[in-house]
Amino acid sequence: MKNWKKIKNEYYTLMSEQSDVNNDIRFLKHTIEENEVKKSRLDSRLVEVFEQLKDIQGQIKTTKKEYQQTNKELSAVDKEIKNIEKDLTDTKKAQNEYEEKLYQAYRYTEKMKTRIDSLATQEEEYTYFFNGVKHILKAKNKELKGIHGAVAEIIDVPSKLTQAIETALGASLQHVIVDSEKDGRQAIQFLKERNLGRATFLPLNVIQSRAVATDIKSIAKEANGFISIASEAVKVAPEYQNIIGNLLGNTIIVDHLKHANELARAIKYRTRIVTLEGDIVNPGGSMTGGGARKSKSILSQKDELTTMRHQLEDYLRQTESFEQQFKELKIKSDQLSELYFEKSQKHNTLKEQVHHFEMELDRLTTQETQIKNDHEEFEFEKNDGYTSDKSRQTLSEKETHLESIKASLKRLEDEIERYTKLSKEGKESLTKTQQTLHQKQSDLAVVKERIKTQQQTIDRLNNQSQQTKHQLNDVKEKIAFFNSDEVMGEQAFQNIKDQINGQQETRTRLSDELDKLKQQRIELNEQIDAQEATLQVCHQDILAIENHYQDIKAEQSKLDVLIHHAIDHLNDEYQLTVERAKSEYTSDESIDALRKKVKLMKMSIDELGPVNLNAIEQFEELNERYTFLSEQRTDLRKAKETLEQIISEMDQEVTERFKETFHAIQGHFTAMFKQLFGGGDAELQLTEADYLTAGIDIVVQPPGKKLQHLSLLSGGERALTAIALLFAILKVRSAPFVILDEVEAALDEANVIRYAKYLNELSDETQFIVITHRKGTMEFADRLYGVTMQESGVTKLVSVNLNTIDDVLKEEQ
């Protein structure tokens, strides 16, 4: 039975293997056919790929050459740009330095001009003169005649001697020089009548010169620290020589007080000696000196004015030099900027070309690599032939193996048929054996019954034999008794002897019967043993048949389980019943073909990857979110369209307003420029057509000059142009008030007047707060606020209402 089970398992295994081999054979045949078609296709494809490879390599070579050339040009342009950048940076730096110098020079010259104007005004107004002297000098050539001026006005003193001469002259600096005593009297009368103060007059026809004695002068010239005789140190017109000689002729100037004391002792204190620091050794030996709060004096103011005028001339020459150098640097900077722009454009173009070539090379290299890989793959598949040969070899092996399986199956089928036949014969033999067994069991029961009867007979005979033995023993005892007692007679003895013989015959007969019965029992036992042996064989056959039957039932149970599993799988996996599957999914294809199809389908399913069991819920969630986001996107698009429309309307409005304002300002700017410059032309130009993104260039043409950019103008021209633009803007869009901080600092006096006048015209609509140092601007102001610092750290605000100044003057007069 074990062989039967092994054969059955082997048969099932071979059947499954035969099905797999058949599927593999069909698959290999299909693969071989495909490989043949593929090989034919590869031959034509290889030719195409080879041509493509040659074409791509040619393109790569050409592109590399162009790339290298362009990269070389780019490197050269980079180098040029770096040099231009360096030159431009240096030029810009120098330009900025000169611009800063120029600006500082403008500011400094304006401050100097302002200071000079202030000093000149003070000089004209005789600010530092006594009141009487001031009025006399103002009345010169008007109410009074013969007035030459004050001593301070007619002398020219070197800067280093200013303090010494001031000290030597003292109040004499404000003495008024007149032609004659008559002129002096008239001037005194003029002061008296008007109560204007007092003054000292020096008539030219009366005053005589004084001089240091010759011996004193000789000693002084040899003394340490001697500088000069005071009258000789001062420059003066010849007609005033007597006046200066009278005032300074007997005064000696030395360097410091120690030398003054030495010289005074040498000349025995007969002449006044003055030091550069203003110390005095008076005749007779008294000394005057010390320190006092520095204040402006007439000579120091005059010296400062002269010095500043000389410095202003130097600064103006230096400023012109700065302007020329700045213009040259500006031209060079513009040229470098233009060149830099051109080179940058060329650089960007070359860089784009290089980038294009790099991308093209990457694309061509990638394409070349892909084509090479394809070519190698095609060559490998064509020349190696590994797949087709291996498939053919595998096919041959599979076919041989299939024949072997078929032979094995034939052998197993014969074995199964034989075992089936044997099983059938075994069943028939089992039936016969069972019948024989029943018969033998019946016979055995009869024999056992006979044996039982005979056993009972034997037992009875044994009992009888025992009784006979007992009787024989009794007879023997009686014989012995009779022999011993000799009382028994012959008759009794004969009777007993007859009884003994009868008993012996009976015993012999019973012994014979017993022997026969024993023989019969032996024969019956032998029959029983034979029957039991036959019965044992029948039991073994029955057991074998029952085992085979149990195996068949187990196999049937296994198949039932598989069938139930298949039905459950069909129901669980596909929701189908057997009847529905048979009715709806019938197929004429073979089982092997269907298995092959199922295998391919499973491979396709595996390629799909794992199944997302939550796909439906996720789809619903995503669909809901998609719907929400779609609505949001629609709303945003509508909002975007609305905003774009608003922006477009605003851009249009801004463009219209800017255009209108720009043209209005441009018209006023041109007119304002001509008014302020007294001619010329100016224009505002847009840098591009788009009003929203365009910049504004200012191009002007001052009178007598060519049309040029604002940056090429001088500082004053630029300032006046900016003022014209400011006034043009205020003409179009007036403001409540405007703060101007020294905007006219770079203007000359004539332009300051124009600026101030026009500022005064605009003050009807706009209030101007002007910070200035220019006198011309101040003259047109309604109210002045001056800040003074008479002492260090203490400022004082002075306010003057110029609108009421005429009324005040009239009242005073």
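Bear in mind these aren't lab numbers, they're just calculated from the coordinates by the rules spelled out. Computed from a predicted structure; not experimentally measured. Every residue, glycine among them, receives a Cβ derived from its backbone with ideal geometry; neighbour counts consider all protein chains shown.
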query = When ASP588, ASP179 are ordered from fewest to most other Cβ atoms inside 10 Å of their Cβ, what list results?
reply = ASP588, ASP179
ask   = When PHE201, PHE658 are ordered from fewest to most other Cβ atoms inside 10 Å of their Cβ, what list results?
value = PHE658, PHE201
ask   = Which of the peptides 794-802, 56-64 is most tightly packed, and how do the rest follow, judged by the mean count of other Cβ atoms within 10 Å per residue?
value = 56-64, 794-802
key: Additional length obtainable on full extension of the chain from SER180 to ARG115, 0.36 nm per residue less Cα span   = 19.7 nm
key: Environment charge at GLN685 (Cβ cut-off 15 Å; Lys +1, Arg +1, Asp -1, Glu -1)   = -4
message = Could you give the length gained by full extension between GLU526 and ASP362, i.e. 0.36 nm per residue of separation minus their alpha carbon distance, to one decimal place?
response = 48.2 nm
request  = For GLU239 and GLU328, compute 0.36 nm times the residue count separating them, minus their Cα-Cα distance, and round to one decimal in nm.
outcome  = 26.8 nm
Expected-Rg normalisation [2.2 N^0.38 Å, Cα atoms] applied to the stretch 129-295 = 1.12
Rough spin-label spacing in nm, given labels placed 7 Å along Cα→Cβ, for LYS674 and HIS709 = 2.7
note = In the neighbourhood of PRO203 defined by beta carbon distances under 12 Å, the net charge of the other residues (Lys, Arg +1; Asp, Glu -1) is -1
key: Least to most buried among ILE243, ILE188 (fewest other Cβ within 10 Å first)   = ILE188, ILE243
message = For the stretch 664-755, which GluC sites (Glu not before Pro) pass both filters: DSSP loop (anything but H, G, I, E, B) and at most 15 other C-beta atoms within 10 Å?
response = GLU688
ask   = If you line up the Cα atoms of the stretch 654-812 on their principal axes, what length do they span on each, largest first, in Å?
value = 62, 37, 34
request  = Work out the FRET efficiency for GLU85 and HIS663 from their Cβ-Cβ distance, taking R0 = 51 Å, and round it to the nearest 0.05.
outcome  = 0.85
task = Collect residues whose amide H, placed 1.01 Å from N in the peptide plane, falls under 5 Å from the amide H of THR200; neighbours closer than 5 in sequence don't count.
result = VAL176
ask   = HN-Hα J couplings of the stretch 640-657 from phi, Karplus 6.51/-1.76/1.60, θ = phi - 60°, integer Hz, Gly and Pro as x?
value = 4, 4, 4, 5, 4, 5, 4, 4, 4, 5, 5, 4, 5, 5, 4, 4, 4, 5
ask   = Dipole of the stretch 129-295, Cα-centred, from +1 at each Lys and Arg C-beta and -1 at each Asp and Glu C-beta, to the nearest 20 debye?
value = 460
ask   = Past the 19 Å Cα-Cα mark, which pairs from LYS332/LYS674; LYS79/LYS346; LYS72/LYS332; LYS674/LYS706?
value = LYS332/LYS674; LYS72/LYS332
note = Net charge (Lys, Arg +1; Asp, Glu -1) of residues whose beta-carbon lies under 13 Å from that of ASP78, ASP78 excluded, is +4
Within the stretch 153-219: Cβ-based charge dipole about Cα centre, in debye rounded to nearest 20 (Lys, Arg +1; Asp, Glu -1) = 180
Under 17 Å from the ASN801 label point (7 Å along Cα→beta-carbon), backbone N, the stretch 740-777 = none
ask   = From the phi of every residue in the stretch 334-339, what ³J(HN,Hα) in whole Hz does the Karplus formula 6.51 cos²θ - 1.76 cosθ + 1.60 yield, where θ is phi - 60° and glycine or proline is x?
value = 5, 5, 5, 5, 5, 5
inquiry  = Once you keep just the Cα pairs under 8 angstrom separated by 6 or more residues, what percentage relative contact order results for the stretch 654-812?
reply    = 16
